[in-house]
1. Test of understanding: among Lys177, Lys142, which residue is under 19 Å from Cys299 (Cα atoms), over 22 Å from the mean Cα position of the chain (by Cα) and of a type outside the set (A, V, I, L, M, F, W, C)?
2. With a cut-off of at least 3 residues that are surrounded by 23 or more Cβ atoms within 10 Å (Cβ to Cβ), name the strands (runs of 3 or more DSSP E) lying wholly within the stretch 284-383.
3. Being hydrophobic (A, V, I, L, M, F, W, C) and modelled with pLDDT under 95 narrows it down to one residue among Leu288, Leu279; which is it?
4. Out of all the residues in the stretch 167-187, which are aromatic (Phe, Trp, Tyr) and farther than 15 Å from Gln128 by Cα?
5. Examine the stretch 188-197 for a residue that is in contact with a Cys (Cβ under 9 Å, 6 or more places away or on another chain) and either assigned by TED's automatic domain parsing to the domain that holds Ile343 or among the hydrophobic types (A, V, I, L, M, F, W, C) (or both), and state whether such a residue exists.
6. Return the residues of the stretch 32-85 that are touching a helix residue (DSSP H, G or I) at 6+ places or on another chain (Cβ under 8 Å) and among the aromatic types (Phe, Trp, Tyr); say none if nothing qualifies.
7. Just one of (1) free of Cβ contacts under 8 Å to residues at least 40 places away in the same chain; (2) over 23 Å from Tyr378 (Cβ atoms); (3) in contact with a helix residue (DSSP H, G or I) (Cβ under 6 Å, 6 or more places away or on another chain) trips up Leu265, so point out which.
8. Test of understanding: among Leu24, Leu31, which residue is modelled with pLDDT of 65 or more and more than 26 Å from Trp158 (Cα to Cα)?
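The values are calculated or read from the model by the stated rules, or taken from the named source; none is laboratory data. All values derive from a computational prediction rather than experimental measurement. Using ideal geometry, Cβ is built from the backbone for each residue, glycine included, and neighbour counts are taken over all protein chains shown.
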Amino acid sequence: MNILFENIKRIPGKVFRIVKRDLLKAPVINLNNTAHKKNALISYITKPFRGKTDYSHTNSLEVSEISRILNSLGYNADAVDYDYEGYLDFSKYDFIIGFGEPFIKSFYGRKRKTKSVFYATGMHVDIQNHNSISRVKDVYNKKGVWLPSSGRIVDKAWTIQTMLPDAVISLGNKLVKSTYEIFFKGPVYPLNPPVYILQRYKEIVSSKDFSNASKNFLWFGSSGLIHKGLDVLLDLFSLRDDIHLHICGPVDDEPGFKELYYRELYKLPNIHTYGFISLDSGLFRELLNKCAFVIAPSCSEGGSAGILNLCANGGLIPIVSTESGIDVDEFGFMLTTISVKEILEVIDRLITYKPEELSKLSMKSGEIISQRNNAAKYSEDLSLILKEILK
């Protein structure tokens, strides 16, 4: 491979970058080295099959389980990245699951009966884009600056994938499922997203000082800082010095947002910005011990695995928006609006709870999510869904 790259380096810059990208993103063939009679394609990500598994996102866990299940159902499984635009021979596949460019292209010129399932990792793109752009507009109305790069706006609607497959599997609860039922008249199967369990939540909850932890709130998100409501939390916590906000996410990747909220992010004693942190880091465990709550006023999610990881690993008590796609009735608090007013009302109520009350909620959070969203349960549920679709 190195010799090949040395030779193609002589190609003009832009062409070289395209060739190198396509080589590194080439499909991974026959993931399980099997000789079944049927073939399947996973259009999602390939990095776990190239030795690049990490804990930055549960998609590595998901695609690995999809591959394993397809093998158990008698399929040779290939994988391709969702944004791969190179050539693929779709005629060989009996089944295609996933989303993105390869998934869409599989419908063009299809002559054989190939079953396909759209694997939806969030709300329907029309709903997501509407919600995200509305939040970007909220910030413009507050600050006079347009920051669409801090939304989660999907430019490619990929409408075919939400209307032509045989079925849809949607990560998240029934609310997420309902956003697809508006547009798709076939079967939609809701599926709880999986979590990585790297910590013992019972140990963390049992040793936690909730009298102090009750004043500490954790925002744990990825890209799209406005989409995920960080601006609202910065507005809120900048007004209070008796409660602390801890921020874990790629703030440096969104310079416009960082500049606009620089004072709140870095100059206030009760707001602590760490950047991205890994689930297997010491800082992650430290924050699980320090904070009682995870707070996530996002405008659109598919079950928000990032939030679920905090519940399963540390028993953090979730304060989430309805649009998060998580059911938290037994152990958390739901926000019906993404507003300073409502979030402040919830926080003021929570900081009056006794430590033993918070400890019980926290233990319940860890218990329910670690059982409902563990990798084995995800695999079991997904296997049943695929058997139903493929029978």
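1. Values: Lys177 fails: over 22 Å from the mean Cα position of the chain (by Cα).
Answer to the check: Lys142.
2. Working: elements: 293-296, 317-321, 333-335.
Because the criterion is at least 3 residues that are surrounded by 23 or more Cβ atoms within 10 Å (Cβ to Cβ), the strands (runs of 3 or more DSSP E) in the stretch 284-383 that meet it are 293-296, 317-321.
3. Working: Leu288 fails: modelled with pLDDT under 95.
None of the other options fit; the residue is Leu279.
4. Filtering the stretch 167-187 down to residues aromatic (Phe, Trp, Tyr) leaves 180, 183-184.
Within the stretch 167-187, Phe184 is the sole residue that qualifies.
5. Just the residues of the stretch 188-197 that are in contact with a Cys (Cβ under 9 Å, 6 or more places away or on another chain), to begin with: 195.
Now drop any that are not either assigned by TED's automatic domain parsing to the domain that holds Ile343 or among the hydrophobic types (A, V, I, L, M, F, W, C) (or both), which leaves 195.
The answer is yes; a qualifying residue exists.
6. Tyr44, Phe49, Tyr82, Tyr84
7. Failing condition for Leu265: (3).
8. Numbers: Leu24 fails: more than 26 Å from Trp158 (Cα to Cα).
The conditions single out Leu31.
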